[in-house]
Amino acid sequence: MSTAANDAEQTAPDPLKQIAAEGAATELRDGMIVGLGSGSTAKLAVNAIAKRVKDGLKIVGIPTSERTSDQARKLGIELSTLGEHPSIDVTIDGADEVERGTLNLIKGGGGNQLREKIVAAATRRLVIVVDESKLVDHLGEHAKVPVEVAQFGWQATALALARLHCTPILRTASDGKPFITDGGNYILDCAFGRIASPESLQHELDSVVGVLEHGLFIGMASLIVVGTRQGVKLLAR
């Protein structure tokens, strides 16, 4: 079984991710509706956004997780919901892998694929914050694909996923119990290895009964803000 989804948040911030998060925050303008991602990198981005808000930037945030909502509220970021603002100007989030050239993503370390993808799909411009180690030639080289599944019958869903030539591992929390998303679902982390066709795998995952969402974000990212040892690098679609 896997470890808790957010163990990385307990460590000191990665300086490369930090400069990338600060660079992404400069993309925001007054009056924007801004999606706020989940996970350790998104946490840095929310901190950077909060600094700009303190300096006078006026935005409304749409958080993708309860943890992000709590963080943003404490930092003074005005929040709302997709019900009030069904169209988002910019979403800033992290990723586990970014494929060079296509800018396709694997996401899901923060443990809220369903909410993250709903927000991403409602967004005009998805900005992804990473350090240079997350850039790969082919998705799946290092990261597993997180798959959010219904609790009911998850074992049957895992069996169906295994037929796609992976080994689904139930994600667990720090107490050893199954990790539960904000939507009340489980996550199966699936190692496919190098993914020859992310589009084909996306279609296969979408066809599995019990799968609610997954960490393949294909054709969704507009801009990748990469923290490198030489500074911030931008990769645009």
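Can we say ARG67 is in contact with a helix residue (DSSP H, G or I) (Cβ under 6 Å, 6 or more places away or on another chain) and among the basic types (Lys, Arg)?
Values: in contact with a helix residue (DSSP H, G or I) (Cβ under 6 Å, 6 or more places away or on another chain): no; among the basic types (Lys, Arg): yes.
So ARG67 fails the test.
Identify all residues within region 196-212 that are touching a strand residue (DSSP E or B) at 6+ places or on another chain (Cβ under 8 Å), closer than 19 Å to VAL98 by Cβ and not in a helix (DSSP H, G or I); write none if there are none.
Matches in region 196-212: none.
Just the residues that are polar (S, T, N, Q) and loosely packed, with under 15 Cβ neighbours inside 10 Å, please, taken from region 159-178.
THR167, SER174
Run down ASP182, ASP175, ASP189 and say which single residue is part of a loop (DSSP other than H, G, I, E, B), closer than 27 Å to ALA45 by Cβ and among the acidic types (Asp, Glu).
Numbers: ASP175 fails: closer than 27 Å to ALA45 by Cβ; ASP189 fails: part of a loop (DSSP other than H, G, I, E, B).
Residue meeting the stated conditions: ASP182.
Contact list please: Cβ distance under 7 Å, first residue in region 123-139 and part of a loop (DSSP other than H, G, I, E, B), second residue crowded, with 16+ Cβ neighbours inside 10 Å, pairs at least six apart or on different chains.
What qualifies is HIS138/GLU99; HIS138/ILE195; LEU139/GLU97; LEU139/GLU99; LEU139/ASN104; LEU139/ILE106; LEU139/ILE195; LEU139/PRO198.
List the pairs whose first member sits in region 45-71 and is among the small types (Gly, Ala, Ser), whose second member is assigned to a helix (DSSP H, G or I), and whose Cβ atoms are under 6 Å apart, counting only residues at least 6 apart or on separate chains?
ALA45/ALA21; ALA45/ALA24; ALA48/ALA21; ALA48/GLU22; ALA48/ALA25; GLY61/ALA72
Applying the selection to region 179-203, what residues are surrounded by 15 or more Cβ atoms within 10 Å (Cβ to Cβ), in contact (Cβ under 8 Å) with a residue 24 or more places away in the chain and not hydroxyl-bearing (Ser, Thr, Tyr)? Give the steps one after another, and end with the answer.
Step one: list which residues in region 179-203 are surrounded by 15 or more Cβ atoms within 10 Å (Cβ to Cβ), which gives 179, 181-183, 185-190, 192, 195, 198, 201-202.
If we keep only those that are in contact (Cβ under 8 Å) with a residue 24 or more places away in the chain too, we end up with 179, 181-183, 185-190, 192, 195, 198, 201.
Residues satisfying the conditions are PHE179, ASP182, GLY183, ASN185, ILE187, LEU188, ASP189, CYS190, PHE192, ILE195, PRO198, LEU201.
Conditions (1) within 10 Å of the chain's Cα centre (by Cα); (2) acidic (Asp, Glu); (3) surrounded by fewer than 24 Cβ atoms within 10 Å (Cβ to Cβ); (4) at pLDDT below 95, marked per residue:
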{"site": "ALA121", "(1), (2), (3), (4)": "no, no, yes, no"}
{"site": "ILE128", "(1), (2), (3), (4)": "yes, no, no, no"}
{"site": "ASP131", "(1), (2), (3), (4)": "no, yes, yes, no"}
{"site": "LYS144", "(1), (2), (3), (4)": "no, no, no, no"}
{"site": "THR157", "(1), (2), (3), (4)": "no, no, yes, no"}
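With respect to THR64, is the statement that it is farther than 21 Å from LYS134 by Cα, assigned by TED's automatic domain parsing to the domain that holds GLY227 and polar (S, T, N, Q) true?
Answer is yes for this residue.
The values are calculated or read from the model by the stated rules, or taken from the named source; none is laboratory data. As the structure is a prediction and not an experimental result, all values here were calculated from the model. Please note: Cβ atoms are built from the backbone with ideal geometry, for glycine as well, and neighbour counts cover all protein chains shown.
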